[in-house]
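> Questions regarding the structure given below will be posed in turn.
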Amino acid sequence: MKNPLDRAALNAAMENVHHAGMPGLFAEVRDGDQVWRGAAGVADVDTGRPVAAYMRHRVGSVTKTFTAAAVLREVESGRIGLDTPIGQYLPKLVPGERGAAITVRMLLNHTSGLAEFLPYAYPSLKGMPVVADTRPQSLDDHRFTRFDPVELIEMGVTAPAVGAPGGTPGLYSNTNYLLLAQLLEQVTGTTAERYITRNVIERAGLRDSELPTGPNVNGSHSQLYESWFGMIDPPRDYSVYDMSWVGPSASLISTVADLNRFFGMLLAGEIVSPSSLAQMQRIVPVISQEGKTIDYGLGLHPMEGPGQGVFWGHGGTVWGGGALAMTRADGRRQMSVAVNLQRWNRLDSNGKPQPHPIDDALMTLYRVAMYG
């Protein structure tokens, strides 16, 4: 019987991403009980230390699926109502008419109309979403800043609304998920980090995943290199960084093996109930931070390939690092990929990110990994 995993093609696709300009990347692909793990390039451009598939990594907004699963577990317990206004739980954080109009579901699927707090917390990014109007200075200024999540939420809530509550397309905003973390704290009496650790990370048996409290990545890991659209040249190492600027919306440290295990269990109905999973898979159009319209559920989004069925998962970026984890709806085929460079696309004369060879090489890797 032919091996469903083409190891030679996967290794070649990984090497092509590295040769296209990615310092280092690593991945795990599963097909039933067949497992392939691979790595290409370096974890440290100064020493030449190689990357390895077992490394721990900042996975950015893949964290949102963990936070959403935690909220759905509280929905199952009856302590949270999916269509209950957030103002009933957190009247001080989202007061008045907006608190009455924005539901928990709207926070989960980014249709709340609440603005992204990031350009307000990081002043040099205030030109967002127009990339050419931003500068990377705030990334250095805030490397060790300990942000108060309530202050970040206030920035997003008091900023001009980006849409009407429940309106589509929604606009992807980390403000939504910081509010969900406060909601978890309000109804469970413990921090969102502790609740997610106990009820999602430990429930899934993930041994190398954590929501960090300090600025370092513990254990074997890669350095993380940020280019900020060519404005940081050569790219700078941001692997030591206080992640309180995103908290449980994007701070998770994990491994590609742990991500595949988590998404496999989630889609098998082993983290939340099958009915909760069905809610997570109800999609609406949402405009991503890159300005593209994507389908988005409750902390999950789908990708569909030619005749291969629907994959569900999430992508994420932090300063210098990124990850994408996708699992086919039947749970059989899985892919998790981690990269150690971000925003490699330079800007053209109109301020638009230009295509880069890494883009095509990564898409080819995803295609080989997901669809063979």
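> If you go through region 180-192 one residue at a time, do you hit one that is polar (S, T, N, Q), in contact (Cβ under 8 Å) with a residue 60 or more places away in the chain and part of a loop (DSSP other than H, G, I, E, B)?
For region 180-192, residues polar (S, T, N, Q), in contact (Cβ under 8 Å) with a residue 60 or more places away in the chain and part of a loop (DSSP other than H, G, I, E, B): absent.
> State yes or no: is SER244 surrounded by fewer than 20 Cβ atoms within 10 Å (Cβ to Cβ), among the hydroxyl-bearing types (Ser, Thr, Tyr) and closer than 30 Å to ARG346 by Cα?
Spelling it out, SER244 is indeed surrounded by fewer than 20 Cβ atoms within 10 Å (Cβ to Cβ), among the hydroxyl-bearing types (Ser, Thr, Tyr) and closer than 30 Å to ARG346 by Cα.
> Let me ask another. What number of residues within region 91-113 are farther than 17 Å from GLY297 by Cα and of a type in the set (A, V, I, L, M)?
4
> Another one. Look at region 95-132 and say how many of its residues are without any contact (Cβ under 8 Å) to a residue 40 or more places away in the chain and of a type in the set (Asp, Glu).
Residues meeting the conditions: 1.
> Listed residues VAL104, VAL94; which is under 20 Å from VAL284 (Cα atoms), surrounded by 17 or more Cβ atoms within 10 Å (Cβ to Cβ) and not small (Gly, Ala, Ser)?
After ruling out the rest, the residue left standing is VAL104.
> Within region 240-257, take every residue that is in contact with a helix residue (DSSP H, G or I) (Cβ under 6 Å, 6 or more places away or on another chain) and hydroxyl-bearing (Ser, Thr, Tyr) and give me the one that is nearest to ASP208 (Cα to Cα).
Once the filter is applied, the top-ranked residue is SER251.
> Let me ask something else. Anything in region 21-75 that is within 16 Å of ASP208 (Cβ to Cβ), within 20 Å of the chain's Cα centre (by Cα) and in a strand (DSSP E or B)? List them, or say none.
Listed by number, the residues that qualify are PHE26, ALA27, GLU28, ARG56, HIS57, ARG58.
> Does any residue in region 198-217 that is farther than 21 Å from PRO149 by Cα and at pLDDT below 95 come within less than 9 Å, Cβ to Cβ, of a residue that is of a type in the set (Phe, Trp, Tyr) and surrounded by fewer than 21 Cβ atoms within 10 Å (Cβ to Cβ) six or more places away or on a different chain, and which pairs are these?
Once the first residue is farther than 21 Å from PRO149 by Cα and at pLDDT below 95 and sits in region 198-217, no partner that is of a type in the set (Phe, Trp, Tyr) and surrounded by fewer than 21 Cβ atoms within 10 Å (Cβ to Cβ) comes close enough.
> Which residue is surrounded by the most Cβ atoms within 10 Å (Cβ to Cβ), if the candidates are limited to region 107-122 and must be in contact with a strand residue (DSSP E or B) (Cβ under 7 Å, 6 or more places away or on another chain) and closer than 16 Å to THR67 by Cβ?
Among those residues, the one meeting the criterion is HIS110.
> Could you tell me whether TYR54 is surrounded by fewer than 21 Cβ atoms within 10 Å (Cβ to Cβ), within 26 Å of ALA159 (Cβ to Cβ) and out of contact with any His (no Cβ under 9 Å at 6 or more places or on another chain)?
no
> Can you tell me how many residues within region 237-260 are in contact with a Pro (Cβ under 8 Å, 6 or more places away or on another chain), more than 27 Å from THR327 (Cβ to Cβ) and not in a helix (DSSP H, G or I)?
3
> So, one more: So which residues in region 76-134 are small (Gly, Ala, Ser) and in a loop (DSSP other than H, G, I, E, B), if there are any at all?
GLY78, GLY81, SER112, GLY113, ALA115, GLY127, listed by residue number.
> Of the conditions (1) without any contact (Cβ under 8 Å) to a residue 12 or more places away in the chain; (2) not in a loop (DSSP other than H, G, I, E, B), ASP233 clears all except one; give me its number.
(2)
> Is it the case, given these coordinates, that LEU139 is closer than 20 Å to THR293 by Cα and touching a strand residue (DSSP E or B) at 6+ places or on another chain (Cβ under 9 Å)?
no
> Report, by residue number, each residue of region 193-213 that is touching a strand residue (DSSP E or B) at 6+ places or on another chain (Cβ under 8 Å), outside any loop (DSSP other than H, G, I, E, B) and not acidic (Asp, Glu).
THR197, ILE201
> Filter region 262-293 down to the residues that are under 14 Å from the mean Cα position of the chain (by Cα) and surrounded by fewer than 21 Cβ atoms within 10 Å (Cβ to Cβ), then identify the one that is farthest from GLY127 (Cα to Cα).
So the residue we want is SER288.
> Since GLY309 meets every condition but one in (1) buried (at least 18 other Cβ atoms within 10 Å of the Cβ); (2) over 17 Å from HIS57 (Cβ atoms), which condition does it not meet?
Condition (1) is where GLY309 drops out.
> Can you pull out every residue in region 61-90 that is in contact (Cβ under 8 Å) with a residue 60 or more places away in the chain and either more than 13 Å from GLY299 (Cβ to Cβ) or touching an Asp or Glu at 6+ places or on another chain (Cβ under 6 Å) (or both)?
Matches in region 61-90: GLU74, GLU76, ARG79, ILE80, ILE86, TYR89, LEU90.
> Which numbered condition trips up GLN281, out of (1) closer than 25 Å to VAL339 by Cα; (2) touching a strand residue (DSSP E or B) at 6+ places or on another chain (Cβ under 8 Å); (3) at pLDDT 95 or above?
(1)
> Still on this structure, I have one more. Looking only at residues that are in contact with an Asp or Glu (Cβ under 8 Å, 6 or more places away or on another chain) and small (Gly, Ala, Ser) in region 39-56, which one is nearest to LEU341 (Cα to Cα)?
Checking each candidate, the answer is ALA40.
> Can you name every residue in region 328-344 that is surrounded by fewer than 17 Cβ atoms within 10 Å (Cβ to Cβ) and not hydrophobic (A, V, I, L, M, F, W, C)?
ASP330, ARG332
The values are calculated or read from the model by the stated rules, or taken from the named source; none is laboratory data. Every value quoted in this text rests on a predicted model; they were computed, and no experiment measured them. Neighbour counts are summed over all protein chains in view; Cβ atoms, including those assigned to glycine, are modelled from backbone coordinates with ideal geometry.
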